[in-house]
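The structure under discussion appears below in the form of structure tokens.
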Amino acid sequence: MRIDVVTIFPEYLAPLDVSLVGKARAKGLLDVRLHQLRDQAHDVHRTVDDTPYGGGPGMVMKPEPWAAALDAVAPPDAGPPPRLIVPTPSGRPFTQQLAVELAAEPWLVFAPARYEGIDRRVIDEAGTRMRVDEVSIGDYVLAGGEVAVLVIVEAVARLLPGVLGNAESARDDSFAPGAMANLLEGPVYTKPAVWRDREVPSVLLSGNHGAIARWRRDQALRRTAQNRPDLLERLTPEDVDKHDRATLAALGWTERDGRFSSDGPPVAH
Ligand code: ADE
């Protein structure tokens, strides 16, 4: 996969040299290219922002440098275009499902903004020749989109074939499609079996794979009830088996008309 990032802070993306993403690049699985937006601003100050039309606080990123940068990275009429990702708190939520979708793309271009954002015409014009997604990584406001690029690239890179050591690691992720979809992962343990008088749950030492799978599922239900009740509200009757129902009932969650809701006592911690 090829990834281009246009930014006024290429140094902000230094973490892309490290760890999983760095190794994916070293292995040739990921081709990341950083571009300085200011190289496309030709006045003495290499200006990339200006005051907003209509007034208001802050500055807006000028259209000309952005258009020149995007044209340089992906020349119009030069083969299949990339998919353009514009990080913004006003975008669609970034989810594991979107990460899976993006991991199937051959080429992504990221346009992280600073200030109050990019002149709208840049995004509208880009949309006439490539798919554009405005994406938010959460309901909070960062100082710029670069950290969002790091988040999205890491989530996408670990899904690329050959990047994760253990092929099964991504399969059981919280939010990954499948049987555990929409449940958070439960706790994990490693050696020693007793640490500061705390024992690893005995079922995990039992060698009984059925019992272990059941215990993990109960823990996932418990943790989801505690931390993300909104996810349990999205469960459908097909997502749960008889045991799940009993566990959910013990947590105060029951089904009515195909939907689960909490009517019981608060979950004990
Ligand atoms: N830029 C600033 N805040 C952001 C957010 N929450 N998501 C994506 N890009 C952003």
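The values are calculated or read from the model by the stated rules, or taken from the named source; none is laboratory data. Everything numeric in this text was worked out from a predicted model, so none of it was measured. Cβ: placed from backbone, ideal geometry, glycine included. Neighbour counts: every protein chain shown. For the accessible areas, the whole protein counts, side chains as well, though only heavy atoms, and no ligand, DNA or RNA atoms are used. Shrake-Rupley method; radii C 1.70, N 1.55, O 1.52, S 1.80 Å.
Data table
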read-out	value
Flag if ALA157 is among the aliphatic types (A, V, I, L, M) and surrounded by fewer than 19 Cβ atoms within 10 Å (Cβ to Cβ)	no
Given (1) open to solvent by 90 Å² or more (accessible area, probe 1.4 Å); (2) within 16 Å of the ligand (Cβ to nearest atom), index of the condition LEU142 fails	(1)
Qualifying residue in region 182-194 (condition: in contact (Cβ under 8 Å) with a residue 40 or more places away in the chain, closer than 30 Å to SER90 by Cβ and not aliphatic (A, V, I, L, M))	yes
Among the candidates GLY117, GLY162, residue that is without any contact (Cβ under 8 Å) to a residue 60 or more places away in the chain and among the small types (Gly, Ala, Ser)	GLY117
Residues within region 73-93 that are at positive phi and within 16 Å of the ligand (Cβ to nearest atom), tallied	0
Any hit, region 113-128, residues being within 16 Å of the ligand (Cβ to nearest atom), farther than 25 Å from PRO52 by Cα and open to solvent by less than 20 Å² (accessible area, probe 1.4 Å)	no
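One line per residue, one yes/no per condition, for (1) more than 25 Å from the chain's Cα centre (by Cα); (2) farther than 15 Å from VAL5 by Cα:
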residue	(1), (2)
PRO57	yes, yes
LEU70	no, no
VAL73	no, no
PRO87	no, no
PRO93	no, yes
